[in-house]
Structure formats: C-alpha cells, structure tokens
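Chemist: Pasting a structure below so you can have a look.
The values are calculated or read from the model by the stated rules, or taken from the named source; none is laboratory data. Owing to the predicted nature of the structure, the values given are computational and were not obtained by experimental measurement. Positions of Cβ are generated from backbone atoms using ideal geometry, with glycine treated the same way; all protein chains shown enter the neighbour counts. Ligands, DNA and RNA are excluded from the accessible area calculation, which covers all protein heavy atoms including side chains. Shrake-Rupley method; radii C 1.70, N 1.55, O 1.52, S 1.80 Å.
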Amino acid sequence: MFKPSVLIVDDEKAARYGVKKILLKDNYQVYEAKDGSEALQVIKTLHPALVLLDINMPQLDGMKTLEMINAIQNPPLVVIVTAYGSEKIAVEAMKKGAYDYIAKPFEIDELRIIAKNAFERLVLQAENARLRLEIGRLEGMGELIGQSEAMKEVFDKIEKVGTTDVTVLIQGESGSGKELVAREIHRRSKRRNESLIIMNCAAVPETLIESELFGHEKGAFTGAAERRSGKFELANKGTIFLDEIGDMSISTQSKLLRVLQEQQFERLGGNETLTVDVRIISATHRDLEEEIEENRFREDLYYRIKVVSIKLPPLRHRKEDILLLANRFLHHFSEKHQKQIISVTPEAMKCLVSYDWPGNVRQLKNAIESAVVLSDHEILTITDLPDEIIHPENSSLPLKNIDYNLSFRDAKKMLIENFERDFIQKKLEECNGNISRAAEALDMHRQNLQQKIRELRITKERNCHE
C-alpha cells in the first residue's frame with residue numbers, strides 16, 4: 001500500500017523523534033536528517049513528497065537548505081519549522097518557495113492539519129499535471145477537447161472527413177461546440193489556406209438572409225445603395241459554415257439546394273449567373289427529421305447537407321470531459337486576466353462534475369472565466385463558482401436578503417461573508433470553542449481560522465480557546 005512520505009530535518013534528535021511518532025501513527029512513511037547536507041542526500045535518493053525543515057541548524061541553515069532543495073528537479077513541498085515569534089523569517093522562506101510554516105511549540109493537531117493539506121495540494125498538482133498532459137495529447141484537435149468515448153467518435157469522424165470535400169451536418173445542442181467542429185474540419189481540408197465563411201442563419205432576419213447568402217445588385221431593394229457580394233461568393237475556393245440551418249425558411253432552402261446541386265446562383269436583383277467552388281458544412285440544434293415531418297425543412301436538402309453527420313453529445317452526457325475542459329479554460333483565463341490560479345479544489349471539482357450544464361461547453365467556459373476574475377486565491381474554491389452551479393435548485397428562485405443596490409462583486413462578498421460567519425460559528429459551537437478542533441473540522445490551518453475569526457468579527461462570547 002502506498003504511503004505518503006515525509007522527511008524531518010532537525011538537528012535535535014528529540015524533536016525529530018516527537019514529530020516522527022505523530023506521523024507514523026498517521027500512516028506516513030517517515031525519513032530523518034540531522035542537517036541540511038544529509039537532507040539533500042535523502043531527497044535525491046528517497047524522493048520524499050514533503051519536507052519539514054527546521055530553520056535554525058548549524059552549518060547549513062534551513063533558509064540555505066530551502067534554496068538548494070528548490071534547485072532540485074521536481075522538488076518536494078517544504079514546510080518551514082520556526083521558533084515562536086519568528087514569523088518574519090517564515091514569511092521570507094515562503095517568498096523563496098516554502099509551501100507553509102509551523103511555529104514551535106506546535107500542537108499535534110496543527111501538525112496533522114498542515115501535513116494533510118500539503119498532501120492534498122500534491123494530489124491537486126498531480127491531477128493538474130495529468131490534465132495538462134491529456135490536453136497536450138489532444139492539441140491535434142485544436143480547441144476541441146475531450147477524452148470520452150463520444151468525443152473520440154467525433155474526433156475519428158473529423159479526421160476521416162477533413163481531407164474530403166463531402167458536405168457535413170453537425171448536430172448538437174446550443175453551446176456544445178458545433179462551430180469548433182466546423183473550424184477543425186476546415187483546418188484539416190485541402191481548402192485550409194482559403195476562407196472559412198461563417199453565417200448564423202438564425203441571427204439574420206428573413207428579409208435579409210438571401211442577400212447575405214447570395215449578395216445583391218445596386219437597387220435590388222430599398223437601401224441597396226451598391227452591389228454587395230454574398231457569403232457564397234466570399235467563400236469561393238474555401239468553406240462556408242451555415243450555423244442553425246434548421247432556422248432557414250423553405251423558400252431560401254430551395255435556392256440553397258440549387259447551389260449544392262449546381263454550384264451556381266444569381267445575386268438578388270441580378271441576372272448574371274455566378275459559379276462557385278465551395279464546400280458546405282451545416283449545423284443545427286433542431287431535429288431535422290422532425291422538421292421534415294412538419295414540412296418545415298426540405299427532405300431533398302436534408303440528404304444533400306448530411307452526406308456525413310456528426311452528432312455532438314451535450315456536456316451532461318460526457319461528464320469525464322468536464323475537468324479536462326475546466327482545466328483548459330482555467331489556464332487560458334488565468335493567463336488572459338493575469339492571475340496565478342493553478343487548480344481547483346476537490347469540492348469545486350465535484351460541484352462542476354455534478355452540475356447538468358444546460359448551456360453546455362459555452363456555459364462552463366463562462367463559469368470558469370467568472371470564477372477566475374473574482375477569485376483572490378491560487379486555487380479556485382466552490383465559493384468562486386456562480387451561484388446557479390453551487391445551488392442549481394435555487395437557480396430559478398429570487399435570492400433573499402440581498403441589497404440589489406450593491407454591485408455584483410459586493411453583493412457576492414456579503415453573501416459569502418455571511419455564510420462563512422455562520423458556518424464557522426456553528427463549527428466552533430460543535431467543538432466547544434476549541435479552535436484547533438474546529439480548524440481540523442473545517443479543513444483549515446489554525447492560523448487561517450484565527451485570522452477569519454478576526455476578519456469576520458466572530459465574538460469571543462462563544463468561549464473560543466486554543
């Protein structure tokens with residue numbers, strides 16, 4: 001059975017013995033070193049995951065040893081052990097790469113919490129590295145990300161149709177990534193050096209859609225002050241992507257069918273027949289077979305546009321891709337907004353995976369960007385996520401006790417502070433005011449809990465004690 005490993009570095013044998021006894025009881029693999037030089041040898045040969053490093057040692061002191069440890073490839077996490085009142089030295093050590101610090105004399109519970117948090121941090125880093133590796137493996141699909149069986153089938157079809165000129169119909173819910181699939185098919189095609197022209201058929205008024213597709217001559221209608229080329233003309237030699245083709249009217253569908261059959265059309269108000277060489281990729285969130293039954297979509301056009309059909313699964317049906325996508329968005333938006341956010345807590349991960357994502361990948365992307373912008377930490381927590389994801393059962397209900405005159409940031413801060421105050425007070429009551437026990441129950445450092453108690457002005461009337 002795997003045991004997390006800890007190296008205790010202290011020139012006092014009795015101090016090493018006391019810490020070792022605690023860690024062994026908690027099922028850690030424990031190594032010892034009496035000075036910095038010996039510690040470096042143990043790290044290079046036995047590769048402990050965590051080092052408890054005393055700052056005051058003869059010859060090679062803790063600060064110098066810390067610098068040498070961090071120079072090693074893939075260094076372990078280092079927790080600095082200082083004397084009481086040496087917090088300034090500890091802060092300096094953290095600036096030089098230490099993970100955390102603990103002051104002597106410390107409580108057993110405090111040591112256990114620090115060790116537990118350190119190894120949770122290591123698990124997060126390992127998961128982060130795994131996701132980065134997986135993202136790197138999938139870079140060949142551009143912005144499309146996924147390791148689920150459903151997405152592997154999508155990738156396989158993209159590879160097969162990319163080098164051909166067949167028409168492709170992409171089906172999937174809004175926000176599932178249909179445009180990304182179209183872009184990837186074009187990127188892999190022999191037309192990749194020509195234009196990819198995108199048109200959202202649902203976003204153009206019915207009176208203008210023909211002009212948008214086929215262009216118009218001067219004077220063709222009121223406001224047509226000059227000749228204008230349409231999307232098909234602009235896409236000549238390249239690819240045209242008709243998004244939400246299911247929203248196109250029957251009359252426009254008839255003219256589109258001619259383009260597919262003959263690669264010819266006339267501008268609106270014109271007599272000149274134009275010939276184009278265009279590949280057509282279409283997409284829709286509608287069930288086109290049902291639309292055909294209701295006489296809202298032409299059956300002959302349907303079979304023309306779907307020589308190959310690619311069905312994108314909704315995000316709720318490929319849960320195993322959520323963390324991979326979230327990690328990609330996390331690093332993208334951290335860089336974009338100049339943040340130093342490296343990962344997501346297990347609780348936030350669980351929340352992301354359990355949510356149904358009615359807005360699919362687009363909604364996940366927006367949620368991660370919002371969390372990155374609003375977070376003040378290097379790891380996203382569940383409180384950084386939008387409320388409708390944390391409490392989906394309340395997403396359609398009005399929030400109570402909110403001052404809607406506040407800004408979004410201030411209102412959210414107020415809600416979080418109220419939650420933290422109530423939650424911490426409840427835990428303190430359950431632990432009879434014992435801060436160390438409450439810190440462990442809350443999965444916090446004792447020092448962090450003490451700071452929260454001060455920040456939230458939790459009164460001492462609850463008989464808090466160390």
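Chemist: For region 204-276, rounded, prolate or oblate, judged on the Cα gyration tensor with a ≥ b ≥ c (square roots of eigenvalues), a/c < 1.5 rounded, else prolate if a/b > b/c?
Modeler: Verdict is oblate for region 204-276.
Chemist: Quote the charge dipole size of the chain about the Cα centre in Debye, to the nearest 20; the model charges only the Cβ of Lys and Arg (+1) and of Asp and Glu (-1).
Modeler: 960
Chemist: Also: Assuming a ≥ b ≥ c are the square roots of the Cα gyration tensor eigenvalues, decide whether region 39-123 counts as rounded (a/c under 1.5), prolate (otherwise, with a/b larger than b/c) or oblate.
Modeler: Here region 39-123 falls in the oblate category.
Chemist: Moving to a separate point now. Using the alpha-carbon atoms, what tilt in degrees (0 to 90, nearest 10) does helix 446-455 show relative to the longest principal axis of the chain?
Modeler: 70
Chemist: Can I ask one more? Could you give me the ³J(HN,Hα) list for region 322-327, computed from phi with Karplus coefficients 6.51, -1.76, 1.60 and θ = phi - 60°, whole Hz, x at Gly and Pro?
Modeler: Working through the residues one at a time gives 5, 5, 5, 5, 4, 5 Hz.
Chemist: Further question: Tabulate in residue order the Karplus-calculated ³J(HN,Hα) for region 238-253, using 6.51 cos²θ - 1.76 cosθ + 1.60 with θ = phi - 60°, rounded to whole Hz; enter x for Gly and Pro.
Modeler: x, 10, 10, 10, 9, 7, 6, 5, x, 8, 6, 5, 4, 5, 5, 4
Chemist: At a probe radius of 1.4 Å, what is the per-residue accessible area of Ser354, in Å² to the nearest 10?
Modeler: Spelled out: Ser354, probe radius 1.4 Å, area about 80 Å².
Chemist: Spelling out what I want: for every residue of region 107-118, take phi, set θ = phi - 60°, compute 6.51 cos²θ - 1.76 cosθ + 1.60 (Karplus), and round to whole Hz; glycine and proline get x.
Modeler: Running phi through 6.51 cos²θ - 1.76 cosθ + 1.60 with θ = phi - 60° gives 7, 4, 4, 5, 4, 4, 5, 4, 5, 4, 5, 4 Hz.
Chemist: While we're here: Using DSSP, restrict attention to beta bridges with both residues in the chain and report what percent are antiparallel, rounded to the nearest 5.
Modeler: Rounded to the nearest five, the antiparallel share is 10 percent.
Chemist: So what's the net charge close to Glu369: Lys and Arg +1, Asp and Glu -1, counting the other residues with Cβ under 14 Å from its Cβ?
Modeler: That works out to +3.
Chemist: Continuing with the same structure: Grab every C-alpha pair in the chain, bin the distances at 20 angstrom width from 0 up to the longest one, and report whole percents.
Modeler: Going from the shortest bin to the longest, the percentages are 19, 38, 26, 15, 2.
Chemist: Going by alpha carbons, how many degrees (0 to 90, nearest 10) lie between the helix axis of 36-46 and the longest principal axis of the chain?
Modeler: Around 50 degrees separate the two axes.
Chemist: For the chain, what is the calculated [θ] at 222 nm in deg cm²/dmol (nearest 500), taking -39500 (n - 2.57) for each run of four or more DSSP H residues and dividing by its residue count?
Modeler: Computed mean residue ellipticity for the chain: -14500 deg cm²/dmol.
Chemist: Let me ask another. With every protein chain kept in the model, how would you rank Thr167, Thr273, Thr239 by accessible area, 1.4 Å probe, largest at the top?
Modeler: Most to least solvent-accessible, the answer reads Thr273, Thr167, Thr239.
Chemist: Sticking with this structure for a sec: Leaving ligands, DNA and RNA out of it, rank Met414, Met68 by accessible area with a 1.4 Å probe, largest first.
Modeler: Greatest to least solvent exposure: Met68, Met414.
Chemist: Here's another thing I want to ask about it. Cα axis of helix 149-162 to longest principal axis of the chain: angle in degrees, 0 to 90, nearest 10?
Modeler: Relative to the chain, helix 149-162 is tipped by roughly 40 degrees.
Chemist: OK, next. Report, in whole Å, the centroid distance computed from the Cα atoms of region 317-392 and region 1-44.
Modeler: For region 317-392 versus region 1-44, the Cα centre distance is 37 Å.
Chemist: Also: Got a sec? Charge dipole of the chain, +1 on Cβ for Lys and Arg, -1 for Asp and Glu; which of Gln59, Phe232, Gln73 is way out at the positive end?
Modeler: Farthest along the dipole direction, towards plus: Gln59.
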